[in-house]
Amino acid sequence: MRKSIWIVLILLVTACGPAVETAVSSATSDSAESAAAPGMGRMGMGGMGGGMMARHQAPVPEEYAGMTNPVPADEESLARGAEVYGRLCATCHGDGGMGDGPSAVNLDPAPAPIAHTSQMLGDDYLFWRVTEGGHDFETAMPSWEAALDEQERWDVINYVQALGSGAVVPGQMMGGAMFDPAAEAAQQAEMLAQGVEQGVITQEQADTFATVHGEMDGWMVANSDTMQGSMGQMQQTILDDLVAAGSITQEQADAFNTVHDLLMAAGLMQ
Ligand code: HEC
């Protein structure tokens with residue numbers, strides 16, 4: 001009797017091998033969902049990001065999923081977006097969109113560095129978050145559904161993305177830093193160094209992660225007009241694309257996921 005239970009168990013585990021792995025890597029979006037449950041807003045991934053990672057892993061709700069920005073990011077849209085941004089967003093997100101406006105001081109979680117994060121998130125995710133604000137996550141991010149019509153929301157999304165790509169010069173009203181890719185790279189290097197130092201990952205894993213991350217950044221720049229979903233939803237698509245294009249190997253893609261999960265579990269990932 002006992003023996004047969006063990007055999008069944010072993011068979012199950014063997015058969016579920018790949019499924020278990022998938023479950024582990026998608027566990028992040030599960031916890032993002034539970035983070036959205038009432039009273040559990042602070043669960044998330046912990047760590048330095050105040051749960052930002054959990055929000056970035058959350059699946060985009062059905063009514064927004066698949067939306068793409070219908071407003072071209074031309075001069076007019078950027079001008080309208082700049083006006084909205086300066087009037088309604090800069091006080092928290094800062095002139096440069098790095099989350100460091102004067103009203104950010106007492107907010108926990110802090111306003112997101114949207115100039116940067118908007119480069120890595122789908123239009124549908126951004127439209128959802130601007131429309132509904134922090135409602136699902138119990139954060140101070142206001143909902144703009146009533147104050148801004150749809151075009152104004154897309155205009156301001158165009159503007160925020162342009163802040164991050166360097167296509168516009170930030171205003172000078174609220175102060176704050178500009179998105180600086182070099183600073184971002186330094187921060188990532190620091191995170192990996194900490195991971196190695198704490199024995200969470202090996203140096204080789206850190207190097208592979210940095211290489212793959214660089215390729216992913218390139219992919220996001222090249223595909224910025226068609227990106228959809230949260231980072232959690234996009235990660236595997238991007239990796240698969242890069243493997244198919246021969247930019248990275250399947251082993252590198254797998255290693256990236258492993259390191260990603262390890263760093264997240266250790267609370268090192270922002
Ligand atoms: C009262 C302060 C405040 C104001 C004003 C504000 N935000 Fe936010 N915003 C936040 C906070 C705090 C977060 C981080 C928590 C979250 O994602 O819910 C955030 C997050 C976001 C995100 C999600 C980014 C990500 O990486 O997940 C977007 C997009 C965003 N804000 C856009 C805007 C826009 C556009 C405006 C102006 C129309 C605006 N915000 C005004 C506080 C603010």
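The values are calculated or read from the model by the stated rules, or taken from the named source; none is laboratory data. This is a predicted model, so every value here is computed, not measured. Virtual Cβ from ideal backbone geometry, glycine too; neighbours counted across all protein chains shown. Calculation scope for accessible area: heavy atoms of the full protein, side chains included, ligands and nucleic acids excluded. Shrake-Rupley method; radii C 1.70, N 1.55, O 1.52, S 1.80 Å.
A protection proxy built from the mean count of other Cβ atoms within 10 Å ranks the segments 204-210, 53-59, most packed first, as 53-59, 204-210.
The peptide list 133-140, 166-173, 77-84, 193-200, put in order of mean Cβ contacts within 10 Å with the highest first, becomes 77-84, 133-140, 166-173, 193-200. Rg/Rh for segment 75-165 stands at 0.92; both radii use Cα atoms, and Rh follows the Kirkwood definition.
For segment 181-265, a simple Cβ point-charge model (Lys and Arg +1, Asp and Glu -1, everything else neutral) yields a dipole of about 100 debye relative to the Cα centre. When you count the other C-beta atoms within 10 angstrom of each residue and take the mean per peptide, 251-262, 106-117 line up highest first as 106-117, 251-262.
Only Lys, Arg, Asp and Glu carry charge here, each on its Cβ (+1 for the first two, -1 for the last two); on that basis segment 75-165 has a dipole of about 240 debye about its Cα centre. Solvent-accessible area of THR226, all protein chains in place: 90 Å² (probe radius 1.4 Å, heavy atoms, ligands and nucleic acids excluded).
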